[in-house]
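Read through the structure below, which is laid out as structure tokens, and then see the notes.
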Amino acid sequence: MPVIEFQNLTKVYHLAGFLKTRQAPGIDSFSLEINEGEIFGLLGLNGSGKTTSLRLLLGLIRPTGGRVLVLGSDSARDPAVRSRLGYLPETVSFPGTLTPREILRFFARIDARASQRKDELEARITETLRIVGLSAAGERRTAGFSKGMIQRLGIAQAIFHQPKILVLDEPASGLDPLGIVEMRELFLKLNQELKITILFSSHSIGEVEKVSHRVAIIAGSRLQKILTKAEWQNGQSLEKLFLDAVRPIQSAGAHV
Amino acid sequence: MFNRILVIAQLTLLEQVRDKIVNLIFLFAGVVVYFGVVLTQLAQGFEERFFRDTALAMVELFGLVLLLGSAYRVVRQDVRKGSSVEMFFVRPLRRWEYLAGRFAGLSTLLLVGMAVMGGVQLGIITFKGFSWHWLFAVSFAELYLKLIIVLALAFLLATITTSQASYLASTLLIYASGHVTQLMKLLIARQDSTDTVSLILLKPLTYLLPDFSFFGTANRWEGIAAGAVSFSIGGLGLTLLYTVIYAGALVVFSSYLFSRAEISPT
């Protein structure tokens, strides 16, 4: 059963210039369905349209055409649906003067569903910090945190309200090799133990092939191909499949 | 709705209070007030007046620095960085609620900052043996309301300007213009009614610009204290009403623009 449906989605950016605006394609006629319980990877080069499609899904930008349905509803307009989504942006930052516990407390209070007893709230914060491996740093100000720790706290805020769907934009970006492995293990744990559907974008083929059940290759602002795990495990490598999809677009001079 | 606005306001207050920049501004204000006290010794014969004028000017300066920096950061910089603000906007939080919460948080921060400054001033008045006058409280209240208008202006300009330089320049320009709005109105009234430049360009401008002559009790201090100039609570009530309407309109308009704006990818 699809929990996310991109329906013929198009986004054209209007970039302000000195005297006139310039149009730049974000994503073009993008249609895709993501099923409940899946880990789905969006794979593409920089500027191919991965982030644009995620931002459209989250209602951060408005589509030029088409629509996105999340749990059967329009995410941009429905607060009830929004409360079922967790999101980790590509660039994560938190006020350096606050501790992870304080930050999670604030996010919890914004969510209307989090109107619960204080001891329950604190217990959930403790549990969430344990899941992301930040138990020992819960009372420390985030100013001294490493990139990996900030990323983990980003995940914590995204899963704290127990979402059904987790949307992650380049989650391994800027992490060291150990951080990448830990992030991968965390994804698998969230998907298998908490049954969270995960949609993430990446330009790292190695990462995408290790965790995804299915992958969409985006190039030139268009969806080029959808692949299942069986295709890259039993046939050609994901790298080969990706290059086969992307190179003709690059050769044609399209913006990828 | 009010709960979410309150959460954002509390977050803003906590962030800013713990921020070292705010601590530095408090320190700066303390040092400047201290120097004001030392310099009053040079102003023999009118020490109290010198202290009062210097201290009130320093409080206004402190408030301006505090709100100009903070408003830009919470409205523009956090959005540009695509940081925690995106994580807020994918929650059941409307953008106008976010902006209203930020405004409430910074208004409270300003109140806290001015209370600290007022406390310092009261301490110095007691220490120096100066006489306390109720006009201090009125001047502080008016200064706070004036800075609330500047804060609302800063929110609007942070929403529509494209760089920090243009934001600062335009906010300070309007802040300065607000001090001569009344004078502009008087000058326009003296012109020939066929002077189209005055009528078409300047007259509407005088109604759009803030009018800081509403906040001028400190300038009439001597006259009020001597009983030569009248002071009414009703006048203070009008000033409050003006602030609520003017600042409220700016915040509503900023919220409208902020809600329509697309958050650019980093």
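Can you find a residue in the range A:121-136 that is part of a helix (DSSP H, G or I), within 14 Å of chain B (Cβ to nearest Cβ), modelled with pLDDT under 90 and more than 27 Å from A:Asn35 (Cβ to Cβ)? Looking for residues that are part of a helix (DSSP H, G or I), within 14 Å of chain B (Cβ to nearest Cβ), modelled with pLDDT under 90 and more than 27 Å from A:Asn35 (Cβ to Cβ), one finds at least one in the range A:121-136, hence yes.
Here's the yes/no breakdown for (1) touching a Lys or Arg at 6+ places or on another chain (Cβ under 6 Å); (2) farther than 25 Å from B:Gly248 by Cα; (3) open to solvent by 60 Å² or more (accessible area, probe 1.4 Å):
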site: B:Leu64; (1), (2), (3): no, no, no
site: B:Val75; (1), (2), (3): no, no, no
site: B:Phe103; (1), (2), (3): no, no, no
site: B:Leu111; (1), (2), (3): no, no, yes
site: B:Val116; (1), (2), (3): no, yes, yes
site: B:Phe127; (1), (2), (3): no, yes, yes
site: B:Ser131; (1), (2), (3): no, yes, yes
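Within the range B:142-165, which residues are open to solvent by 40 Å² or more (accessible area, probe 1.4 Å) and not in a loop (DSSP other than H, G, I, E, B)? Matches in the range B:142-165: B:Tyr144, B:Ile160, B:Gln164, B:Ala165. Each residue in the range B:92-110 was checked for being assigned to a helix (DSSP H, G or I), within 12 Å of chain A (Cβ to nearest Cβ) and more than 20 Å from B:Lys146 (Cα to Cα), and 3 pass. Given the structure, is A:Gly148 in contact (Cβ under 8 Å) with a residue 24 or more places away in the chain, more than 12 Å from every other protein chain (Cβ to nearest Cβ) and in a loop (DSSP other than H, G, I, E, B)? Here the answer is no, as A:Gly148 does not meet what is asked. Among all positions in the range B:40-47, there is at least one residue which is buried (at least 20 other Cβ atoms within 10 Å of the Cβ), more than 12 Å from every other protein chain (Cβ to nearest Cβ) and modelled with pLDDT under 80. Can you find even one residue in the range B:248-265 that is touching a helix residue (DSSP H, G or I) at 6+ places or on another chain (Cβ under 7 Å), surrounded by 14 or more Cβ atoms within 10 Å (Cβ to Cβ) and at pLDDT below 80? Yes, the range B:248-265 contains a residue that is touching a helix residue (DSSP H, G or I) at 6+ places or on another chain (Cβ under 7 Å), surrounded by 14 or more Cβ atoms within 10 Å (Cβ to Cβ) and at pLDDT below 80. Scanning for something more than 30 Å from B:Ile5 (Cβ to Cβ) and either assigned by TED's automatic domain parsing to the domain that holds A:Gly133 or not small (Gly, Ala, Ser) (or both), does the range A:52-66 turn up at least one residue? There is at least one residue in the range A:52-66 that is more than 30 Å from B:Ile5 (Cβ to Cβ) and either assigned by TED's automatic domain parsing to the domain that holds A:Gly133 or not small (Gly, Ala, Ser) (or both). Scoring B:Ser230 on the criteria (1) open to solvent by less than 70 Å² (accessible area, probe 1.4 Å); (2) out of contact with any Asp or Glu (no Cβ under 8 Å at 6 or more places or on another chain) leaves a single failure, condition (1). Considered as a group, the residues in the range A:52-102 that are acidic (Asp, Glu) and at the interface with another protein chain (Cβ under 8 Å from one of its Cβ atoms) include one that is nearest to A:Ile150 (Cα to Cα), and that residue is A:Glu90.
Residues considered: B:Leu99, B:Leu172, B:Leu145. Of these, the only one that is touching a Ser or Thr at 6+ places or on another chain (Cβ under 7 Å) and within 24 Å of B:Ser213 (Cα to Cα) is B:Leu145. Just a yes or no: is a residue in the range B:177-186 over 23 Å from B:Gly248 (Cβ atoms), open to solvent by 50 Å² or more (accessible area, probe 1.4 Å), of a type outside the set (A, V, I, L, M, F, W, C) and more than 16 Å from the chain's Cα centre (by Cα)? Scanning the range B:177-186 turns up no residue that is over 23 Å from B:Gly248 (Cβ atoms), open to solvent by 50 Å² or more (accessible area, probe 1.4 Å), of a type outside the set (A, V, I, L, M, F, W, C) and more than 16 Å from the chain's Cα centre (by Cα).
Remark: A:Ser73 falls outside the filter, which requires a residue to be within 21 Å of the chain's Cα centre (by Cα), of a type in the set (Ser, Thr, Tyr) and not assigned by TED's automatic domain parsing to the domain that holds A:Leu190. Right, B:Gly82: at pLDDT below 75, open to solvent by less than 40 Å² (accessible area, probe 1.4 Å) and of a type in the set (Gly, Ala, Ser) or not? Here the answer is yes, as B:Gly82 does meet what is asked. Close Cβ contacts (under 7 Å, 6 or more residues apart or on different chains) running from residues in the range A:224-246 that are in the same structural domain as A:Lys210 (by TED's automatic domain parsing) and open to solvent by 50 Å² or more (accessible area, probe 1.4 Å) to residues that are part of a loop (DSSP other than H, G, I, E, B) and polar (S, T, N, Q) comprise A:Lys229/A:Ser212.
When the residues of the range B:226-256 are narrowed to those that are in a helix (DSSP H, G or I) and over 21 Å from the mean Cα position of the chain (by Cα), which ends up farthest from the other protein chains (Cβ to nearest Cβ)?
At the first step, the residues of the range B:226-256 found to be in a helix (DSSP H, G or I) are B:226, B:233-256.
From what is left, the residues that are over 21 Å from the mean Cα position of the chain (by Cα) are B:226, B:233-234, B:256.
On the way: B:Ala226: 48, B:Ile233: 39, B:Gly234: 40, B:Tyr256: 15 Å.
Taking the candidates together, the pick is B:Ala226.
Of the numbered criteria (1) assigned to a helix (DSSP H, G or I); (2) at pLDDT below 95, the one B:Trp132 fails is (1). The residue that is farthest from the other protein chains (Cβ to nearest Cβ), among those in the range B:1-29 that are open to solvent by 30 Å² or more (accessible area, probe 1.4 Å) and modelled with pLDDT under 75, is B:Phe28.
The values are calculated or read from the model by the stated rules, or taken from the named source; none is laboratory data. This structure is a prediction, so every number in the text was calculated from the model and none was measured. For neighbour counting, all protein chains shown are included, and Cβ atoms are generated from backbone atoms with ideal geometry for every residue, glycine included. In case anyone asks, the SASA skips ligands and DNA or RNA and just uses the protein heavy atoms, side chains included. Shrake-Rupley method; radii C 1.70, N 1.55, O 1.52, S 1.80 Å.
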